[in-house]
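S.K.: The structure that follows is given in the form of structure tokens.
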Amino acid sequence: MKLLDTVLTAFLVTAALAGAASAECETTLRSSDTHPDGYPTVEGVKAMAAEVKEKTGGRICIEVFPSSQLGEEKDTIEQTQFGVIDMVRASFGSFNDIVPVTQTTSLPYLYRSEDHLHKVLDGPIGEEIAGQFAEHGLIPLAYYDGGARNFYNSKQPIRTVEDLKGMKFRVMQNDVFVDMMSALGANATPMPYGEVYSSIQTGVIDGAENNFPSYDSSGHAEVAKYFTLDQHLMVPELVAVSKTSWEKLSPGDQEIMRTAARNSATLQRKLWAEQEKASEEKVIAAGAEVVKDVDKTAFIEAMAPVYEKYVTTPEARDLVKRIRETQ
Ligand code: GTR
């Protein structure tokens, strides 16, 4: 009886809350993120939500669902394309099979630094890339930071390309990253982010690759303590809205969304820089071994076949050239 009461009360409270929320929000946009609450990308979209709510007098609410509650990243992108979910924050790597330009713009060692990446994304090239999402049902609103990705594993410290030979690493589910591993002499296992922890733990794979905040928040540091700062990938992070949901908004509300997204990117980049440092310190304190003396030239040279395979059209060659020339 007591249990039934509790369940009934919980149901009534939930119903009342839902009623209250819908009474004040005319439009509720559901936004997905693979990361947990508190992660810079999640906090970025939450800040965007707060600004949108304030500027629309509470008419438009963005509800952020962290920790893959709405599904793994690739699935949530597809759901956003079809308007099942309204917004998604995801890495360019997960858009590779959907929006071709994201392949070229997430090639290994394409960007010299985070500053270089910002100059590319915040300038005309960033606009040009964004323009190519609409035909795939997506409207990009902001580019967030994701730092540099690095290899980590449960077996041994990696100092050279040779050390990677024959090892098995999880990569995001796209061909470029699979080929990147082959070029390094390692084996790639593409799989969703949520499966990586147990796959390392059970020895299905030796390791994976990511930035410090993901290595830390996913718990991967607990099962793969050897981390090598080789910085092989800098992959832009995107906040995108479904074209279907976007077209239901008035031009005025679209403008409010765009401004709020831009402002949230400024905040996210600040939070990102702080989190990168904090996560690095945290994983080291918890026992991670971070190899920093890496011969990056050898890693960069090993990537030549990946460029040969993916930079084949005059457009792709021109884009890579323009990105490299961006100062
Ligand atoms: C993180 C990125 C996520 C997700 C993840 C992965 O760095 O922020 O969006 O793509 O990597 O490796 O799947």
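S.K.: Quick test for you: out of VAL178, VAL196, pick the one residue that is without any contact (Cβ under 8 Å) to a residue 60 or more places away in the chain, outside the structural domain of GLN81 (by TED's automatic domain parsing) and in contact with a Lys or Arg (Cβ under 8 Å, 6 or more places away or on another chain).
M.R.: Sole residue among the options that is without any contact (Cβ under 8 Å) to a residue 60 or more places away in the chain, outside the structural domain of GLN81 (by TED's automatic domain parsing) and in contact with a Lys or Arg (Cβ under 8 Å, 6 or more places away or on another chain): VAL196.
S.K.: All but one of (1) crowded, with 20+ Cβ neighbours inside 10 Å; (2) among the charged types (D, E, K, R); (3) not assigned by TED's automatic domain parsing to the domain that holds ALA298 hold for GLU128; state the number of the condition that does not hold.
M.R.: Among (1) crowded, with 20+ Cβ neighbours inside 10 Å; (2) among the charged types (D, E, K, R); (3) not assigned by TED's automatic domain parsing to the domain that holds ALA298, the lone unmet condition for GLU128 is (1).
S.K.: Tell me which residues, restricted to region 291-315, are surrounded by 12 or more Cβ atoms within 10 Å (Cβ to Cβ) and charged (D, E, K, R).
M.R.: ASP295, LYS296, GLU301, LYS309, GLU315
S.K.: Of everything in region 107-136, what is hydroxyl-bearing (Ser, Thr, Tyr) and touching a residue at least 60 places away in the same chain (Cβ under 8 Å)? Give them in sequence order.
M.R.: Of everything in region 107-136, those that are hydroxyl-bearing (Ser, Thr, Tyr) and touching a residue at least 60 places away in the same chain (Cβ under 8 Å) turn out to be TYR109, TYR111.
S.K.: In this structure, does ARG322 turn out to be farther than 19 Å from GLY147 by Cβ, surrounded by 13 or more Cβ atoms within 10 Å (Cβ to Cβ), free of Cβ contacts under 8 Å to residues at least 60 places away in the same chain and of a type outside the set (Val, Ile, Thr)?
M.R.: In short, no.
S.K.: Does PRO36 satisfy the criteria of being under 15 Å from the mean Cα position of the chain (by Cα), surrounded by fewer than 19 Cβ atoms within 10 Å (Cβ to Cβ) and either in the same structural domain as SER182 (by TED's automatic domain parsing) or not polar (S, T, N, Q) (or both)?
M.R.: Here the answer is yes, as PRO36 does meet what is asked.
S.K.: Can you tell me which residue within region 224-242, out of those that are closer than 30 Å to ILE85 by Cβ and away from the ligand (no atom under 14 Å from the Cβ), is surrounded by the most Cβ atoms within 10 Å (Cβ to Cβ)?
M.R.: Here the answer is VAL241.
S.K.: If you don't mind, there's one more thing I want to ask. Do we find a residue being away from the ligand (no atom under 16 Å from the Cβ), surrounded by fewer than 17 Cβ atoms within 10 Å (Cβ to Cβ) and closer than 19 Å to THR297 by Cα anywhere in region 117-125?
M.R.: Looking through region 117-125, none of the residues is away from the ligand (no atom under 16 Å from the Cβ), surrounded by fewer than 17 Cβ atoms within 10 Å (Cβ to Cβ) and closer than 19 Å to THR297 by Cα.
S.K.: Within 16 Å of the ligand (Cβ to nearest atom) and either in contact (Cβ under 8 Å) with a residue 60 or more places away in the chain or not small (Gly, Ala, Ser) (or both) - does that describe any residue in region 255-264?
M.R.: yes
S.K.: Quickly run through region 47-71 and pick out the residues that are under 19 Å from SER242 (Cβ atoms), within 16 Å of the ligand (Cβ to nearest atom) and without any contact (Cβ under 8 Å) to a residue 60 or more places away in the chain.
M.R.: The answer is VAL64, PHE65, PRO66, GLN69, LEU70, GLY71.
S.K.: Moving to a separate point now. Please note which strands (runs of 3 or more DSSP E) are completely contained in region 138-186 and include at least 2 residues that are buried (at least 24 other Cβ atoms within 10 Å of the Cβ) and of a type in the set (A, V, I, L, M).
M.R.: In region 138-186, the matching strands (runs of 3 or more DSSP E) lie at 138-144.
S.K.: Looking at region 243-254, I want the residues that are in contact (Cβ under 8 Å) with a residue 60 or more places away in the chain and have a partner that is assigned to a helix (DSSP H, G or I) and surrounded by fewer than 17 Cβ atoms within 10 Å (Cβ to Cβ) with Cβ atoms under 7 Å, at least 6 apart or on another chain. Which pairs are those?
M.R.: Within 7 Å, the pairs are LYS243/ALA134; TRP246/GLN254.
S.K.: Could you check region 74-105 and list, in sequence order, the residues that are more than 10 Å from the ligand (Cβ to nearest atom), more than 24 Å from VAL320 (Cβ to Cβ) and either acidic (Asp, Glu) or surrounded by fewer than 24 Cβ atoms within 10 Å (Cβ to Cβ) (or both)?
M.R.: Within region 74-105, ASP75, GLU78, GLN79, GLN81, PHE82, GLY83, VAL84, ILE85, ASP86 meet the criteria.
S.K.: Tell me which residues, restricted to region 201-219, are near the ligand (Cβ under 10 Å from one of its atoms) and under 14 Å from ASN153 (Cβ atoms).
M.R.: ALA208, GLU209, ASN210, TYR215
The values are calculated or read from the model by the stated rules, or taken from the named source; none is laboratory data. On a predicted model such as this, the values are computed, not experimentally measured, just so you know. No Cβ is skipped: glycine too gets one built from the backbone with ideal geometry, and neighbour counts run over all protein chains shown.
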